[in-house]
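Written out below as structure tokens is the structure these notes cover.
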Amino acid sequence: MAEETVTTKVLMEEKRVFKPPEDLVKNSNVWQWMKKKGFTDEREMRDWTQKNYVDFWDEMAQTYADWHEPYTQVLDWKPPYAKWFLGGKINVTYNCVDRHAKSWRKNKLAYIGYGEPQGEVWKLTYGDLYREVNKLANGLKSLGVKAGDKVSIYLPMVPQLPIAMLACAKIGAIHSVVFSGFSVGAYAARVEDADSIVSITIDGFYRRGKIVELKKQADEALAKCPKIKHQIVYKRAGNEVPMNTGTWKDVWWHELCANQSSECDPVFVDSEHRLYILYTSGTTGKPKGIEHAQGGYMVGPPQTLHWVFDLKEDDVWWCAADIGWVTGHSYIVYGPLNLGATCVMYEGSPDYPDIGRWWSIIEESGTTVLYTTPTAIRMFMRAGEAWPAKYNLKSLRLLGTVGEPINPEAWIWYRKNIGRDQLQIMDTWWQTETGTFAVSPLPITPLKPGSATLPLPGFGVDVLDDQGDPVPVGSGGNVVQTTPWPAMLRDFYKDPARYMQTYWEFYWKTHPGYYLAGDKGRRDEDGYFFIQGRIDDVLKIAGHRLGNSEVESAAVSHPAVAEAAVIGKPDEVKGEVIIVFACLKEGVKESEELRKELAAHIRKELGPLATPEAIYFVKDVPKTRSGKIMRRVIRSRAMGQDPGDISTLANPEAVEAIPKIV
Ligand code: WT7
């Protein structure tokens, strides 16, 4: 029996190595750089750039960023705080838009946007982008927005989202984009925490053929945000919306911009000036505001994109993420625009009007490089290979994936059905905090399905045990970053103590300055990384991060719920789905209706992403004597596994009452 299990496991593990074709290697951007530097071996190059990371990033900062005033010091590293390119003055929007609009690229497409309703296409050249960004930047100024002010942006995947971000960056304002799939409660909390004075939203947008009335949600949220003075509303779907004139003033985007000049001088800021705040989920119910800096962002995103996805002038790049997540910030906006690339954007759902929509967009736009998630790939797998086969995908030359570990089966399917059994797949490991890919193949790297391969040039990444010692080959441990990097997070907005505690404290005694990523991983005999998932209580739903405790807080905010415990259950497509165990308040009766109401309540608080797969009513949830919910115990019990020693719990009997859910 034991032997049988071992054999099955080996059979399931994909052992093939996929070598990059010679012409891909020889024409790649990274190879050109290696030739210039005299490197002939990938490992040697990766090792050298890691050992000499300060010099390496210095060179990259000269290559990719246009500095208004040169920096005088590359790095000031006083763990846990790094400052990059000190003394340098820069403007991100100048780098991403102005310099292209003033060159031959002014007529090159920056974005090809597809609305969900078929036939609706928005094309913006760098020249168009320049004018639109400037008008909005001037509009923001007319509302009193200055450098350092915060602007919350609640927009779907329409070109106005990057325009709004770039308009903020142009005048040194700090944007905080909130995913349009998040609901009222999530927007309110993020607007409040960020101290935003302006909100930018849209009347409505399309999702699966229906209009999502986003302004309505924004209004409901802003009612709880007294610091907001103005809201800019883009007219897209034409659904009727009331225009507020109370504590905050609503203004239509087109009216605000109608008489603004299409010229606007960039505000050149210090390299460390904050570019944006992006909220991500941690282990508490309160999301953390990750801060990123302007200077680092004009180095890390373009450099990693240029090397990993090998972007060339005539490439059509489609990063099919939402700009509401870091993937879109770095690789739909700041990285590709810095490079003067053409990006595809799509507003709607991948299955609208049918599950062939993405493939039709690739055919129509001539997409050459596609970057998506394992969840999306597994969804397409389930729909069947006939769908992509109907379309001409020959324009594709490179593929990528991100967000969660990819199972070899999905990897092989992706290569075979989307990549004609020929294309290399860049499995990029990174986080909201890292700002850029950190462990990833290059076009010159031999690939192993399921592995993000090796630390990128200039990155130090290791796997350690809890004591701080490197783990042996094949054993699991904690993924750490051993050296700072330009696009790294700078702090948590208004919460430096939590910043220190979350990432740096764990190895402070043995390795001060080692960054704890929060992932488990192992390396094989070739040093290839295999990421195994989170070590903390963070869920990964379809590649998106959501804290168990965030969902729990949403559940207990329902008047019938006394307490709740949330676990992730493995799911073939989404990676994980949400299971809620809720204890009801005294006297409240369990019912199917209440179950539905609670699911709807959680969805309303957090957004569709947080919709529970199932809700179980229980008498009690297992806790420690100090009151910490024992999610691991609950999970084991629910999954039919041995929950281990539960004698130290405050209420061991609660474990037995947890139903088995598989
Ligand atoms: C977490 C970060 C970074 C863009 C999207 C997610 C997981 C990310 C991979 C990968 C295995 C991955 C990790 C990481 N993750 N990429 N290629 N293989 N796991 O950003 O929401 O900040 O989540 O996503 O667990 O810690 P995020």
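In this structure, the amide hydrogen of Tyr346, modeled 1.01 Å from its nitrogen in the peptide plane, lies closer than 5 angstrom to those of Tyr114, counting only residues at least 5 positions away or on a different chain.
Rg over Rh for the stretch 31-71 works out to 1.05, using Cα positions for both radii and the Kirkwood form for Rh. For Lys589, a cut-off of 18 angstrom between C-alpha atoms picks up these aspartates and glutamates, skipping any fewer than 8 places away in its own chain: Glu563, Glu597, Asp620. Of the chymotrypsin sites (Phe, Trp or Tyr not before Pro) found in the stretch 430-539, those in coil by DSSP whose Cβ has at most 16 other Cβ atoms within 10 Å are Trp508. Annotation: for a label point projected 7 angstrom from Cα along Cα→Cβ of Ala389, residues of the stretch 408-429 with backbone N closer than 16 Å are 413-421.
Hey, what D do you get for the stretch 40-104 in µm²/s if you plug the Kirkwood alpha-carbon radius into Stokes-Einstein at 10 °C and 1.306 mPa s?
Approximately 116 µm²/s, per Stokes-Einstein.
Distance between Cα centroids, the stretch 335-383 to the stretch 509-564: provide it in whole Å. Taking the Cα centre of the stretch 509-564 as reference, the centre of the stretch 335-383 is 27 Å away. As a proxy for reagent exposure, ranking Ile541, Ile323 by other Cβ atoms within 10 Å from fewest up yields Ile541, Ile323.
Pairs of C-alpha atoms in the stretch 536-656 farther apart than 18 Å represent 49 percent of all such pairs.
Note the full-extension length gain between Asp41 and Asn239 as 0.36 nm times their separation in residues minus their Cα-Cα distance, in nm to one decimal. Kindly include the intermediate steps, with their values, before the conclusion.
Values: separation 198, 0.36 × 198 = 71.28 nm, distance 5.82 nm.
That pair, Asp41 and Asn239, stretches by 65.5 nm at full extension.
Modelled label positions at Glu363 and Gln422, each set 7 Å beyond Cα in the direction of Cβ, lie 1.9 nm from each other. Rg/Rh, computed from the Cα trace of the stretch 239-336 with Rh as the Kirkwood radius, has the value 1.06.
Close amide H partners of Val177, meaning residues 5 or more places away or on another chain with modelled amide H under 5 Å apart, are Ile153, Ile277.
Viscosity 0.890 mPa s, temperature 25 °C: what is the translational diffusion coefficient of the stretch 124-266 from Stokes-Einstein with a Kirkwood Rh over Cα pairs, rounded to a whole number of µm²/s? Show your work: numbers first, answer last.
Values: Rh = 14.9 Å.
The calculation lands on 165 µm²/s.
Ranked by how many other Cβ atoms sit within 10 Å of their own Cβ, fewest first, the residues Phe182, Phe56, Phe581 fall in the order Phe56, Phe182, Phe581.
Give the residue from Ala194, Gly127, Gly209 lying farthest towards the positive end of the charge dipole for the stretch 124-266; charges sit on Cβ (+1 for Lys and Arg, -1 for Asp and Glu) and the dipole is referred to the Cα centre. About the Cα centre, the residue reaching furthest to the positive side is Gly209. Taking 7 Å steps out from each Cα toward its Cβ at His254 and Ala614 produces label points 5.0 nm apart.
When each of Val621, Val573 is scored by the number of other beta-carbon atoms lying within 10 Å, the sequence from fewest to most is Val573, Val621. In summary, the lysines within cross-link reach of Lys210, defined as a Cα separation below 24 angstrom excluding same-chain residues under 8 places away, comprise Lys123, Lys235, Lys574, Lys596, Lys604.
For the stretch 221-263, GluC sites (Glu not before Pro) are listed when DSSP marks them as loop and at most 12 other Cβ atoms sit within 10 Å of their Cβ; the list is Glu240, Glu263. Pairwise Cα distances in the chain exceed 31 Å for 53 percent of all pairs.
Pop the C-beta distance of Tyr81 and Asp469 into the FRET formula with R0 = 25 Å and round what comes out to the nearest 0.05. All intermediate terms of the calculation are to be shown ahead of the outcome.
Working: r = 26 Å, r/R0 = 1.05.
Rounded to the nearest 0.05, the efficiency is 0.45.
Dipole orientation for the chain: of the candidates Trp31, Leu546, Pro156, Pro156 has the Cα lying most toward the positive pole (charges on Cβ; Lys, Arg +1; Asp, Glu -1). Dipole check for the stretch 536-656: with +1 at the C-beta of Lys and Arg, -1 at the C-beta of Asp and Glu, and the Cα centre as origin, the magnitude is about 200 Debye. Can you flag which of Lys78/Lys150; Lys36/Lys106; Lys416/Lys448 are past 19 Å Cα-Cα? Check vs 19 Å cut-off fails for Lys78/Lys150; Lys36/Lys106. Taking label positions 7 Å along the Cα-Cβ direction at both Ala497 and Ala600, the computed distance is 4.1 nm, reported to one decimal. The stretch 268-289 and the stretch 211-229 have their alpha-carbon centroids 21 Å apart.
Where a number appears in this text, it was derived from the coordinates with a stated rule and is not lab data. This is a predicted model, so every value here is computed, not measured. Here Cβ is always computed from backbone atoms with ideal geometry, including for glycine, and neighbour counts include all displayed protein chains.
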